[in-house]
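Peer 1: Got a structure here, written out as structure tokens. Questions coming.
The values are calculated or read from the model by the stated rules, or taken from the named source; none is laboratory data. Quick caveat, the model's predicted, so the values are computed rather than measured. Reconstructed Cβ throughout: ideal geometry from the backbone, glycine too, with neighbour counts over all protein chains shown.
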Amino acid sequence: MPYRRPIAAVVLKRVQEKRKHIQVLSGPRQTGKTTIALHVQHNVKNPVRFVSADEPMTRGPAWLAQQWELARLDSTGSKKTGSLLIVDEIQKVGNWSETVKRLWDEDTRTGVDLKVLMLGSSPWLLQRGLTESLAGRFELHYSPHWSFIEMKQAFGWNLDQYLFYGGYPGAAGLINDYRRWIDYVQHSLIETTLAKDILLLTRIDKPALLRQLFALGCEYSGQILSYQKMLGQLHDAGNTTTLAHYLELLDAAGMISGLQKFALAGVRQRGSSPKLIARNNGLMHAVLGRPPKDALSDTRHRGRTIESAAGAHLLNTASPEVKVYYWRDRNKEVDFVLTKGKRLVAIEMKSGRQRDALPGLAEFMSQFKNVRPLLVGGDGVPFEEFFRRTADEWF
């Protein structure tokens, strides 16, 4: 497979190793998880059973146990060593983590050589199940939204196309029909993620509020917005605690993130106004409904589009050791701050976005140590070069 190759190679290597761990592949919808699993299926020599819980009727523990038993039979009946069970959309199986723990521990005690690869499009639900029941038994791999370089290699896109349409490979063939592209993103990606990955599987007391918050995140992507201002923009908004929780769910689903303000005191970080970032520019433009020529020829909107895409790029490419923040002190602002241990990278975007604060790179460097300044655009790193590199490469 030409794309997602690094992730596929790691997953394939892990399922071929003699040591046993449950392999878990998570990430937003349409980022290549199933393609990676099919690549693994076609490149292992052992028997493979590939099943999916993504059905109209949610699968239960009995169904999962049945599929597991069939994979056990494949393992014991094969002349080759062991077999591989692949379960897609595992988070849709009720009590999946407890069931997997019981079955996995049974195999460990009885010596059954069964490898397991689980896929899920709801990282928050997956992580909760993994940490509660499967600690020490799994390895987690993440499939993020497609990057600019992947979209360029796969479809020949230029930077403007990526800035507008984002990194959805499944929608790439529709960009010459704007209305059809919007319908696809809204119904196949946005609505499916909200309805199937969040509302169906998580208790949400105000589902209309969750949808409004998602739309607000797209409208204000790349901007700092306090929870009090969000309350003023939303109907039936409840309270700031509810908004913060819903924003966490949207972040876990790969839709909208709320960057926290960088500060040495963690309490100040958590209590700050978030900087909203749509995790894929395709989400933002499908909601805003502005045609590409109109949107990208508007200097103000183009600047916001670049900054939104930059934030999404940093979040999507950062390793677990790298954290992404913004910084603001009175009338000075740094667009993005990356941390890795005690090292800092302060990023200023020369995107042309109309600001309500002054650039604060010099002020930030006067207040903090071990800072690497990075200017993107203008006389700094070209935008295309910035989008070619991962967040980790700037350290």
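Peer 1: Somewhere in the stretch 88-106, is a residue over 15 Å from Pro61 (Cα atoms) and in a helix (DSSP H, G or I)? Walk me through how you get there before you give the answer.
Peer 2: Initially, the stretch 88-106 is screened for residues over 15 Å from Pro61 (Cα atoms), giving 105-106.
Next cut, in a helix (DSSP H, G or I) only: 105-106.
Yes - at least one qualifying residue is present in the stretch 88-106.
Peer 1: Given the stretch 274-381, what helices (runs of 4 or more DSSP H) lie entirely inside it while holding 3 or more residues that are of a type outside the set (S, T, N, Q), in the same structural domain as Phe262 (by TED's automatic domain parsing) and in contact with a Cys (Cβ under 7 Å, 6 or more places away or on another chain)?
Peer 2: Output list reads 281-288.
Peer 1: Return the residue satisfying two criteria in turn: it lies in the stretch 83-102 and is among the small types (Gly, Ala, Ser) and modelled with pLDDT of 90 or more, and of such residues it is surrounded by the most Cβ atoms within 10 Å (Cβ to Cβ). Please lay out each step first, then the result.
Peer 2: Initially, the stretch 83-102 is screened for residues among the small types (Gly, Ala, Ser), giving 83, 94, 97.
Still in the list and also modelled with pLDDT of 90 or more: 83, 97.
Details: Ser83: 24, Ser97: 22.
Ranking the candidates gives Ser83 first.
Peer 1: Look at Arg19 and say whether it is buried (at least 17 other Cβ atoms within 10 Å of the Cβ), of a type in the set (Lys, Arg) and either outside the structural domain of Ile198 (by TED's automatic domain parsing) or in contact (Cβ under 8 Å) with a residue 40 or more places away in the chain (or both).
Peer 2: Spelling it out, it is not the case that Arg19 is buried (at least 17 other Cβ atoms within 10 Å of the Cβ), of a type in the set (Lys, Arg) and either outside the structural domain of Ile198 (by TED's automatic domain parsing) or in contact (Cβ under 8 Å) with a residue 40 or more places away in the chain (or both).
Peer 1: When Gln153 is evaluated against the numbered criteria (1) exposed (fewer than 15 other Cβ atoms within 10 Å of the Cβ); (2) assigned by TED's automatic domain parsing to the domain that holds Val15; (3) part of a helix (DSSP H, G or I), which criterion, by number, is the only one it fails?
Peer 2: In the conditions (1) exposed (fewer than 15 other Cβ atoms within 10 Å of the Cβ); (2) assigned by TED's automatic domain parsing to the domain that holds Val15; (3) part of a helix (DSSP H, G or I), Gln153 misses (2) alone.
Peer 1: Among the residues of the stretch 337-395, count how many are among the acidic types (Asp, Glu), closer than 22 Å to Ile224 by Cα and surrounded by 13 or more Cβ atoms within 10 Å (Cβ to Cβ).
Peer 2: Of the residues in the stretch 337-395, 2 are among the acidic types (Asp, Glu), closer than 22 Å to Ile224 by Cα and surrounded by 13 or more Cβ atoms within 10 Å (Cβ to Cβ).
Peer 1: Now a separate question. Taking the stated definitions as given, is Lys323 within 21 Å of Glu384 (Cα to Cα), out of contact with any Lys or Arg (no Cβ under 7 Å at 6 or more places or on another chain), surrounded by fewer than 19 Cβ atoms within 10 Å (Cβ to Cβ) and among the charged types (D, E, K, R)?
Peer 2: Spelling it out, it is not the case that Lys323 is within 21 Å of Glu384 (Cα to Cα), out of contact with any Lys or Arg (no Cβ under 7 Å at 6 or more places or on another chain), surrounded by fewer than 19 Cβ atoms within 10 Å (Cβ to Cβ) and among the charged types (D, E, K, R).
Peer 1: I'd like to check something: does the stretch 259-269 contain any residue that is part of a strand (DSSP E or B), modelled with pLDDT of 90 or more, on the phi < 0 side of the Ramachandran plot and assigned by TED's automatic domain parsing to the domain that holds Met365?
Peer 2: The initial filter retains those residues of the stretch 259-269 that are part of a strand (DSSP E or B), namely 259, 261.
Narrowing the set further to residues that are modelled with pLDDT of 90 or more leaves 259, 261.
Keeping just the survivors that are on the phi < 0 side of the Ramachandran plot gives 259, 261.
Filter once more, keeping what is assigned by TED's automatic domain parsing to the domain that holds Met365: 259, 261.
Within the stretch 259-269, one or more residues are part of a strand (DSSP E or B), modelled with pLDDT of 90 or more, on the phi < 0 side of the Ramachandran plot and assigned by TED's automatic domain parsing to the domain that holds Met365.
Peer 1: A follow-up question, please. Within the stretch 36-49, identify whether any single residue is in a loop (DSSP other than H, G, I, E, B), at pLDDT 90 or above and of a type in the set (Gly, Ala, Ser), and answer yes or no.
Peer 2: At the first step, the residues of the stretch 36-49 found to be in a loop (DSSP other than H, G, I, E, B) are 44-47.
Still in the list and also at pLDDT 90 or above: 44, 47.
Still in the running and of a type in the set (Gly, Ala, Ser): none.
Scanning the stretch 36-49, I find no residue that is in a loop (DSSP other than H, G, I, E, B), at pLDDT 90 or above and of a type in the set (Gly, Ala, Ser), so the answer is no.
Peer 1: Continuing with this model, one more query. Has the stretch 73-82 got any residue that is at pLDDT 90 or above, hydroxyl-bearing (Ser, Thr, Tyr) and touching a Leu at 6+ places or on another chain (Cβ under 7 Å)?
Peer 2: no
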